[in-house]
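These notes are about the structure you will find just below.
Read the figures in this text as sums done on the coordinates, not as results from a lab. Values in this document were obtained by computation on a predicted structure and should not be read as measured data. Note that we place each Cβ from the backbone using ideal geometry, even for glycine, and neighbour counts take in every protein chain shown.
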Amino acid sequence: MICSSVKLATRRCFIPGRARRCFMVIVVVSLTSLWMLTMQIIQVRPQTHLPDVQSKGFSDHSISRTKSPKVRGVGLADEAHGGSPMDSPPEFEEEGTKLHQRLLKGEPVYQMAERHIKDTEGLVLVFLEMSDSGRNLLNILQSHRFNVKVALVHDSVWPSLTRDDDKGLFSVIIFESLRSYGHLSSVKTKVLQEYCRAFNVGIIIFTQPEVTSDFNQIRNFPLYIDQHARLKDPIVNQSSSVPRITRSNVRFFGNLPGDRWTTFRTNHSTYVPVMEANLAVPLQVVTHPDEKAKLNSKICVVYDRGWMDGIKRIFFGYSSNHFLHMVLVLDSIAHLTAGKLQTDLDRYVLIDIDDIFVGKIGIRLKASDIENMIKVQGEIQELVKGFRFNLGYSGKFFQHGDEEENAGDRKLLQEAKHFWWFPHMWDHMQPHLLKTKAKLKELMLLNKQFAVDNNIPIMKGYSVAPHHSGVYPVHEDLYSLWKEIWGIDATSTEEYPHLRPAHRRRGFIYKDIMVLPRQTCTLFTKTNFFSEYNGGKPALDGTIQGGELFATLVSNPVNIFMTHMSNYGSDRLATYTFKHAFQFVNTYTNLKLQTLPPVPTAKKYFELYPQEKQPLWGNPCEDHRLMEVWAEDKDCTRLPNSLILGPQKTGTTALYTFLQMHKGIVSNRPSEKTFEEVQFFNGDNYYNGLDWYLDFFPSNKNQSNVHIFEKSANYFDSAQAPKRVKALLPKAKLIVILLDPAKRAHSWYQHMRAHDDEASLQYSFRDVITAKPDSPKLLRELQKHCLEPGKYATHLQRWLTHFSSRQMFLLDGEMLKTNPALAMLRVQKFLKIKPTLNYSRLLKYDRQKGFYCPVGPKNRTRCLGKGKGRKYAEMDYESAEFLQAFYRQDNLILSSVLEKLNQPIPDWLNDHLKDF
Ligand SMILES: Nc1ncnc2c1ncn2[C@@H]1O[C@H](COP(=O)(O)OS(=O)(=O)O)[C@@H](OP(=O)(O)O)[C@H]1O
């Protein structure tokens, strides 16, 4: 009960304007924890002297006996140092006896199992200060695909910590700055504490080296800090339980970055040193070598097991910028979430050499380079289980070097069995540039014949296109010919969804071909010598030894690296790079490097990331790299400017028809299957790809003022559509028509009957809307499709998580029926259509039809087809009553959504609300 009250408190507390009330709630619910509330958040640096540990010659991590008044721990060692537990407890205002006894026995004060721990969503909440180190931290987290929520520590309103159903949202909380963490307001501190205890959530705190803390002790706890240290030769503590990916007990020899490290001192057994390092300028005070070594060793990452106050924390004495910190933060998250947020230790590595035989004279491979590749491949096999170089060949360029290089080509074919091979393109041509499918086929067949003629052992099922052309954006011919000629199941590209940022690259499956993201290894076609590496060899070593390449290997369970032939010749950058990178990973981490053939690698990838199987098509024109690999005849001026989302039976066809009466507005050509609707974003048509969609629209290249729109009435209630529309048409204007949901449901039912739908003919409208969970499946299905789209608030809110309210227009469906001229005026204003068309003379009420219809020649009306504006009996009173109640809650939320959006409340909704 206390827990749920706490959750309530934590949620409410983060609602604007509730701070005062929230404080009251917390005070009420937290009686059992009152003792904690009395603890000071931070002990501000006193005017008196700090306990001067060093000058007093304290060994190791023990601290001065001049302690805070509340915690009288003395000289105890922690588990890392094999000493006895704490002999004196903190002074608690409540529960003192019990806690005291527990501490005397060396037990944690808080035992999580005793409390009712609630589940969390698995998000990571990061409190940032928007500094460079914060951005770096965010990069690390995003590279590991953690679901991250960023908040600014100084914002007066923090995000809600719990969901509406009181489930905790965050599994771990990270602060970029120790100083800010220390200076949290008392209300924020209390809420955070309550949340962390109720949900067993740990906190990670980094130090911003550029910001000096004005305190020397963390709260009132026996954890003291020293600042401005320069450190070197770090080592991760073997007996700390935090390291997992990080290999412990291996010293990294070298300076730690910067000269403003914070180090920690403690003598309490709740604290376990995780990482230690030596002072870069050693202290000379003590002469005995053992004492000196201890004195010079400082704790720079420390784990608080939460024995004091029930909250686990890991303190880092610097930002996340050092490679050990980068890995340790992952380990910290894994540890604090008891493995809930952790990846496997397996890392799959595939090194493609895309363009064997392609290269100018002077930078091609010689026989000795081939021998070196075989030798290094053997050495890498010691580091990476099953490793092979994966060679992509373009047959046309065989023997295009000088004499020595041609001997190299021949040597490569003689030694072909040592490697895996995959087909590139015969003449390295980019598929999207080829005018016809037949030409592409011809080139593929030539390359295939080359493999047959030269006994090249092709590894089945994998290919890569030159310059990634045709892979993304998808070039249909490439996919279909890859299947037909080579039976391709997997490929890779750097371009999906975009080249940058690299950590956001993803995979997808299209036409049964698994497309994997490729990683950059910082070697490029033009980088053929160490001296040509940007920054030279020191920079290359930097990327290997904890830099970008190391981070890539740590971040990605599946790594496919693109390299080029010439990286393996000249002074052999590539073999040097990979061998040393793998050595470094094996030395400082527990990751298990291995290589699988490409297709099993791809299967592994989608086992790990099944959510990526479905592609998300973006707009190629928003990324010049994508434009470069998109065929010239494709153009994004065809993409619609606006969409009518639906829902069905609200008058979408009338709006679609009226809009097209304007000369400056065009829609899609009709579909054979779904008539005026394309139905791309909501269902399986999406897997036909972007080319398929574009084909419905006229090119707008030469008529820039034409407004293109599309209407598909079932986009509105589709779970998939909002994010898909956002990806392709982020600036689109969206129109939703709102008609009384009860009327809409009734109209839909009549529509189904008119189309001879078996179930709707069998069951009455009342049967359908009142179907129960144990009703026949057919009936329940019908009910779902009849009623669900009418939950307007639910669907609207989903769209509003992807689009700004300024992009959405909610048109009153009743107005469209009864005053279409006014409705069309409002729609044109929203779409910014010029010139504005006055529909009052273009639409005329048709008595027989009972609706407004466009006026044709001789002033005759040309009404919508018989399927729109049907004649049927009115809904019975009981059904109307039932639906009124059914939609009550949603309609109530709808009215507040409309209010927030500053949109008028339709009359039908006002009528509903009157009953509340
Ligand atoms: N001017 C005009 N002419 C004809 N019909 C009109 C018009 N304006 C709005 N309506 C209402 O539109 C309802 C059909 O909605 P949709 O076009 O959205 O249907 S569909 O989802 O495309 O099938 C249709 O529903 P029914 O009356 O049930 O047939 C009409 O009520």
Going by amide H atoms built from the backbone, whose H comes under 5 Å of the H on Asp571, apart from near neighbours? Phe530
Note down the relative contact order for the range 346-612 as a percent, whole number, built from C-alpha pairs under 8 angstrom at least six residues apart. 27
Amide hydrogen neighbours beyond the local backbone of Phe851, cut-off 5 Å, H modeled: Asp846
Give me the percent of Cα-Cα pairs in the chain that sit more than 37 Å apart, rounded to a whole number. 60
Order these by the 10 Å Cβ neighbour count, fewest first: Glu899, Glu403. Glu403, Glu899
Can you list residues from other chains, or at least 5 along the same chain, whose modelled amide H is less than 5 Å from the amide H of Thr343? none
Would you calculate, for the chain, the mean residue ellipticity at 222 nm contributed by helices, counting each DSSP H stretch of 4 or more residues as -39,500 (n - 2.57) and dividing by all residues, to the nearest 500? -9500 deg cm²/dmol
Given the chain, what percent of its DSSP beta bridges are antiparallel, to the nearest 5? 40
In what sequence do Tyr588, Tyr576, Tyr845 fall when counting other Cβ within 10 Å, fewest first? Tyr845, Tyr576, Tyr588
Take the residue pairs Lys435/Lys526; Lys460/Lys483; Lys375/Lys411; Lys663/Lys726; Lys439/Lys634 and return only those whose Cα atoms are more than 21 Å apart. Lys435/Lys526; Lys663/Lys726
FRET efficiency, 1/(1 + (r/R0)^6) with R0 45 Å, evaluated for Leu413 and Ser804 via beta carbons: 0.15
On the formula 1/(1 + (r/R0)^6), with r taken between the Cβ atoms of Leu283 and Ser241 and R0 of 30 Å, the FRET efficiency rounded to 0.05 is 0.50
Full-stretch length increase - Glu899, Asp453 - with 0.36 nm per residue and alpha-carbon distance subtracted: 153.3 nm
Among the lysines, which fall within straight-line cross-link reach of Lys743, defined as a Cα-Cα distance under 17 Å, with same-chain neighbours fewer than 8 residues apart omitted? Lys649, Lys784, Lys791, Lys817, Lys868, Lys871
With x for Gly and Pro, the residue-by-residue ³J(HN,Hα) of the range 487-493, computed from phi through the Karplus equation 6.51 cos²θ - 1.76 cosθ + 1.60 at θ = phi - 60° and given in whole Hz, is x, 6, 10, 8, 8, 8, 8
Env charge @ Pro698, Cβ radius under 9 Å, K,R +1 / D,E -1, value +2
How do Val272, Val452, Val349 rank when sorted from fewest to most other Cβ atoms within 10 Å of their own Cβ? Val452, Val272, Val349
Taking Lys118 as the anchor, which lysines have their alpha carbon closer than 23 Å to its alpha carbon, excluding any fewer than eight residues away along the same chain? Lys7, Lys149, Lys167, Lys188, Lys190, Lys312, Lys340
Run through every distinct alpha carbon pair of the range 98-337 and return the Kirkwood hydrodynamic radius in angstroms, one decimal place. 18.5
In debye, nearest 20: dipole of the chain around its Cα centre with unit charges on the Cβ of K, R (+) and D, E (-)? 2380
First measure r as the distance between the Cβ atoms of Gln594 and Val250, then evaluate 1/(1 + (r/R0)^6) with R0 = 35 Å and state the FRET efficiency to the nearest 0.05. 0.95
Once the piece of chain linking Ser775 and Tyr609 is laid out straight, how much longer is it, given 0.36 nm per residue of separation minus the C-alpha distance between them? 56.1 nm
Could you compute the net charge surrounding Ile363? Neighbours are other residues with a C-beta less than 13 Å from the C-beta of Ile363; K and R count +1, D and E count -1. -2
How high is the relative contact order of the chain, in percent, counting Cα pairs under 8 Å that sit 6 or more residues apart? 8
Quick one: 3J(HN,Hα) in Hz for the range 508-518, Karplus 6.51/-1.76/1.60 with θ = phi - 60°, rounded, Gly and Pro as x. 7, 10, 9, 6, 6, 10, 7, 9, 9, x, 9
